[in-house]
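The structure appears right after this line, and notes come after that.
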Amino acid sequence: MSSTSSSSSSSSSSTSSSTPYDAVAPDIPGPSTRRTGGSGQFEASSSSQRQRAMNEVLPEPLLEALATQLALDAANYNGRLSAASALAILFQVCSTWREVSRSDLLWQRLTRRIWRRTYQLRATWQLEYMYWHRTARNFSTGRHRFFDQAVFDPSDHHHHLLCRCLALSDTHLACGFVDGSVRLFDLETRAHVTTFLSLHGHLFGPFSRSVSGIVIINSSITFARLDGDIYVDNVDGPGPIQARRAVEGDVVNNGVLVGFAGTGRWWVGLYAGIAGRAFQIWDARSEERVFVGGSLTDPETVMGWHMLTELVEAVGRVRVTEREYVVACTASRMVCFSFRNPEVLLRDVGSTMGFVVSSLDASQEAYVVLERNGVGTVRRASTYERLSRFRLNRLWVRGLWACMNLGYVLTYSPAPSPSPSLRVWDIEQAIGRLCVTLGVRAGYVNSLVANDRHVSISSNDNNINLLDFGVQDP
């Protein structure tokens, strides 16, 4: 069942005003590359005579470069959605500038640099740019289509199992279950595509095979279990498939693999249960382990073992950024390091209030984490520069989950009853802004994930909900 909403539930704070193309934006990956401070104003020259003279001597490539820089400056200072207005003013100056607006190379450059999209799915790059601009605007206004449950294969008799882990790509939703299986769904049709099975290993507890992390890169899917097994397969294969085990787990000597993340180049596992072995890193191409060490989860040893036998909250979480920085946290401590030099911690910070483990997430070059006093902070992973900060009501922190995409943080709170809500925060300014509150009743959540178009939520009632913000005007 699906529904379309323009601002589902109540909207907190004002929404963005419409812009040309119904919201078009320039080349900036949100808070991850935004310059802090300043509030530039972008205005076309008032002297049309001087402008005509300049147009006569400026070649088209230079005009395109100027348009690109204008859009990037607007996005850097005022947010990605403001680039459309800046470009619209520029293109109205004269016929020469309007001609520049028809350059597909210009729109390709802007789409790549502002929306981080490197491949074209629509007829022109200008349409590609417009699509992602409108989709980003939909997050700020709350306009989306809601699908209340993924469509399982009727022959699949395991749909009653709890989904403990989710992952999104541009085309697929992957759901990891407590029995060690991963089910893949097509995002356009929401139909079940295939099931990846992992039947190896001894049972160290009723939840030892539970999936603790999924990575989808291009056509490859990699997932890990609490017992340390790591599996790899192709997303295009028929199903059900017995996935290939790339790494054999060793719970006794390594502890419990409580979190798993990666890129096309590296995998990282966060372990709890054995002191001094919090992190393990593998070369994703050779599948060889290249690093073991770290003390992040040493205080969580006992709780780590409990995850094998009880449905308890994860004791830690790990995420990676696009530029291959690793961020991980427990309730009391957070660390950051580079894949290329994991022995050196770039940051090692504690929290007197305590971190909300289920709130840690990363996108592009930035990450977000919330503390139990309701304060959420977005920082650049490489420099620890604070990019944005926002505050939740303390009543929303219990059972809180969070995720992020290019320009927004999404938080879900099952409490206070009876109003569980998904909130969308704009993080492109130093002070984050609550854009909209969506009345999504998912109960107590097991996983929450987002990309630049979709949001998915799995809950204890066995539902897997999908929100599609890619709604476009006809």
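Where a number appears in this text, it was derived from the coordinates with a stated rule and is not lab data. Note that the structure is predicted; figures quoted are calculated from it, not measured. All Cβ positions, glycine included, derive from the backbone under ideal geometry; neighbour counts span all protein chains shown.
Full extension of the chain between Arg145 and Val375 yields a length gain of 79.9 nm, computed as 0.36 nm times the residue separation minus the alpha carbon distance.
At the listed q of 0.08 Å⁻¹, the Debye profile of region 147-468, built from one uniform point per Cα, gives log10 I(q)/I(0) equal to -0.32. May I ask you to compute the full-extension gain from Asn460 to Arg394, defined as 0.36 nm times their residue separation minus their alpha-carbon distance, rounded to one decimal in nm? Net length gain for the segment: 21.5 nm. Quick check: residue separation of Glu343 and Ala430 times 0.36 nm, minus the Cα distance between them. What number comes out in nm? Net length gain for the segment: 28.2 nm. Distance between the pseudo-spin-label points of Ser419 and Asp250 (7 Å out from Cα toward the beta carbon): 5.3 nm.
Taken along the Cα-to-beta-carbon direction at a fixed 7 Å, the label points for Thr383 and Asp283 span 3.2 nm. Where in region 283-310 is the amide nitrogen less than 14 Å from a point lying 7 Å along the Cα-to-Cβ axis of Ser220? Zone members listed by number: 283-289. The alpha carbons of region 405-474 give a radius of gyration and a Dmax of 12.8, 38 Å, in that order.
Modelled spin-label separation between Ser101 and Glu310, with each label point placed 7 Å from Cα along the Cα-to-Cβ direction: 6.2 nm.
Restricting the trypsin sites (Lys or Arg not before Pro) of region 367-407 to loop positions (DSSP other than H, G, I, E, B) with no more than 15 neighbouring Cβ atoms within 10 Å leaves Arg398.
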